[in-house]
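Colleague: Structure below; questions to follow.
The values are calculated or read from the model by the stated rules, or taken from the named source; none is laboratory data. Since this is a predicted model, take the numbers as computed values, not measurements. Every residue, glycine among them, receives a Cβ derived from its backbone with ideal geometry; neighbour counts consider all protein chains shown.
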Amino acid sequence: MSVPLDGNTMAGALGELFAVDVSVAVFECAGCGHAGVVAEVVVYADAPGMVARCPACSDVLVRLVRSERRAWLDMSGVVCLRIDI
Amino acid sequence: MARAAVLGRLTWRVGTLVSFRDETAAARTLVFQIPDWSGHLAGQHVDVRLTAPDGYSTERSYSIASAADGDLVELTVERLPDGEVSPYLSHVLSVGDQIELRGPIGGWFVWDPEVDSPALLVGGGSGVVPLMAMVRTRARQGFATPFRLLYSVRDPASVLYGQELDRLRSDPMLEVHYAFTRQTPTSFSRPAARIDAAFVEEFGYSAALHPAVFVCGPTGFVEAIADLLVAAGHDPHRVKTERFGPSGGSTG
């Protein structure tokens with residue numbers, strides 16, 4: 001079992017796709033309703049992609065896979081993101 | 001902070017190594033010049049991308065060690081024995097060489113100088129790097145915010161920035177407390193041990209002062225320290241954490 005990191009380590013990969021810093025956004029977990037800052041989610045970064053899990057219930061929040069020309073972003077585990085602008 | 005978070009999409013840029021200095025036998029600080037660098041906040045990191053001639057490329061995150069200083073950015077890279085990137089950066093990259101970087105990244109694990117509550121910084125090993133950026137930013141900008149740095153490190157030879165921290169400690173509002181986990185200096189009275197509840201109570205700030213708290217290090221370290229701090233009464237929402245590991249994280 002690999003040692004997880006946190007959402008800080010995803011900030012660069014998400015910053016490539018979003019115009020705002022998603023790591024400071026507040027997510028709501030589709031599994032348990034937990035709300036927290038993206039920087040504090042549990043991230044497994046040593047798979048072929050990055051997998052972010054809820055720190056409260058461990059459900060998958062986000063999966064991000066990147067190839068040279070394309071990114072796949074699955075956010076089905078997140079009900080919504082609150083982004084301060 | 002919310003305003004600073006609107007950055008536009010991140011893109012890769014080219015940085016040129018302009019100088020370096022060895023911090024320990026295994027760690028080197030690399031100074032990159034990055035044209036049109038936007039500056040950075042204390043605690044942010046960059047992603048580094050290396051691409052081999054055959055097209056294979058790999059990325060790592062590294063905390064920025066320096067305070068904002070024009071188009072210069074300093075990274076301290078600790079060589080990991082089985083690392084893919086860190087041995088190259090810390091022992092092969094030469095002055096004049098170029099690498100790809102993107103950043104600054106991350107608006108969460110960031111010290112805001114305009115917030116005047118005391119700051120408690122707890123670093124394990126090279127987890128001290130982003131905390132040093134906070135210490136340097138505070139000193140460079142002349143802030144008198146009370147700071148305490150609790151620095152857990154294996155042995156005296158592994159201490160990063162030791163001489164600079166000794167100089168900065170002449171500021172009575174900045175305290176630095178070491179916990180040596182394997183071997184202590186001869187002058188040191190506390191036996192080799194990890195940071196524990198008693199250490200946090202003796203050298204940290206009381207939760208009643210509502211300090212901003214930053215904890216950075218390997219995942220196990222960060223979780224142990226965060227648990228200690230919350231048990232000591234610190235508000236979990238004020239304890240900001242950043243974990244790194246040998247795979248895909250801040251080192252490797």
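Colleague: Mind telling me which of the residues B:LEU80, B:LEU131, B:LEU101 ends up being aliphatic (A, V, I, L, M), closer than 29 Å to B:THR58 by Cα and touching a Pro at 6+ places or on another chain (Cβ under 7 Å)?
Modeller: Criteria check complete, one pass: B:LEU80.
Colleague: Do you know which residues across the stretch B:205-243 are touching a residue at least 40 places away in the same chain (Cβ under 8 Å), within 14 Å of chain A (Cβ to nearest Cβ) and in a strand (DSSP E or B)?
Modeller: Across the stretch B:205-243, the qualifying residues are B:VAL213, B:PHE214, B:VAL215, B:CYS216, B:GLY217, B:PRO218, B:LYS240, B:THR241, B:GLU242.
Colleague: Out of the stretch B:51-63, which residues are over 18 Å from B:PHE244 (Cβ atoms) and either modelled with pLDDT of 95 or more or hydrophobic (A, V, I, L, M, F, W, C) (or both)? Reasoning before the result, please.
Modeller: Here is the first cut: in the stretch B:51-63, the ones over 18 Å from B:PHE244 (Cβ atoms) are B:51-57.
Passing the criteria: only B:ALA52.
Colleague: Regarding the stretch B:83-91, can at least one residue be identified that is in the same structural domain as B:GLU23 (by TED's automatic domain parsing) and free of Cβ contacts under 8 Å to residues at least 24 places away in the same chain?
Modeller: Initial filter on the stretch B:83-91 (in the same structural domain as B:GLU23 (by TED's automatic domain parsing)): B:83-91.
Restricting the remaining residues to those that are free of Cβ contacts under 8 Å to residues at least 24 places away in the same chain gives B:87.
Yes, there is a match, as at least one residue in the stretch B:83-91 is in the same structural domain as B:GLU23 (by TED's automatic domain parsing) and free of Cβ contacts under 8 Å to residues at least 24 places away in the same chain.
Colleague: Out of all the residues in the stretch A:48-68, is one or more touching a helix residue (DSSP H, G or I) at 6+ places or on another chain (Cβ under 8 Å), crowded, with 16+ Cβ neighbours inside 10 Å and facing chain B (nearest Cβ under 8 Å)?
Modeller: Within the stretch A:48-68 (the criterion being touching a helix residue (DSSP H, G or I) at 6+ places or on another chain (Cβ under 8 Å), crowded, with 16+ Cβ neighbours inside 10 Å and facing chain B (nearest Cβ under 8 Å)), the answer is yes, since at least one residue qualifies.
Colleague: While we're looking at this one, here's another question. Going by what's in this entry, would B:ARG136 be described as surrounded by fewer than 23 Cβ atoms within 10 Å (Cβ to Cβ), closer than 20 Å to B:THR24 by Cα and of a type in the set (Lys, Arg)?
Modeller: yes
Let's see how each residue does on (1) closer than 22 Å to B:ARG49 by Cα; (2) part of a helix (DSSP H, G or I); (3) within 11 Å of another protein chain (Cβ to nearest Cβ):
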{"position": "A:SER2", "(1), (2), (3)": "no, no, yes"}
{"position": "A:MET10", "(1), (2), (3)": "yes, yes, yes"}
{"position": "A:LEU17", "(1), (2), (3)": "yes, no, yes"}
{"position": "A:GLY33", "(1), (2), (3)": "no, no, no"}
{"position": "A:ALA39", "(1), (2), (3)": "yes, yes, yes"}
{"position": "A:VAL43", "(1), (2), (3)": "yes, no, yes"}
{"position": "A:ASP46", "(1), (2), (3)": "yes, no, yes"}
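Colleague: Wholly within the stretch B:69-150, which strands (runs of 3 or more DSSP E) include no fewer than the required count, namely at least 3 residues that are closer than 25 Å to B:ARG167 by Cβ and β-branched (Val, Ile, Thr)?
Modeller: B:72-78
Colleague: From the list A:VAL79, A:VAL51, A:VAL65, which residue is part of a strand (DSSP E or B) and touching a residue at least 24 places away in the same chain (Cβ under 8 Å)? Full working, then the answer.
Modeller: On the way: A:VAL51 fails: touching a residue at least 24 places away in the same chain (Cβ under 8 Å); A:VAL65 fails: touching a residue at least 24 places away in the same chain (Cβ under 8 Å).
That would be A:VAL79, the only listed residue that is part of a strand (DSSP E or B) and touching a residue at least 24 places away in the same chain (Cβ under 8 Å).
Colleague: Would you be able to tell me the number of residues in the stretch B:5-60 that are farther than 14 Å from B:ALA133 by Cβ, in a strand (DSSP E or B) and within 11 Å of chain A (Cβ to nearest Cβ)?
Modeller: So the answer is 8.
Colleague: Here's a follow-up. Out of curiosity, is B:THR145 in contact with a Lys or Arg (Cβ under 7 Å, 6 or more places away or on another chain) and within 22 Å of B:ARG243 (Cβ to Cβ)?
Modeller: no
Colleague: Could you please find all residues in the stretch B:95-110 being more than 14 Å from chain A (Cβ to nearest Cβ) and either in contact with a Leu (Cβ under 7 Å, 6 or more places away or on another chain) or buried (at least 24 other Cβ atoms within 10 Å of the Cβ) (or both)?
Modeller: Within the stretch B:95-110, B:VAL95, B:GLY96, B:ASP97, B:ILE99 meet the criteria.
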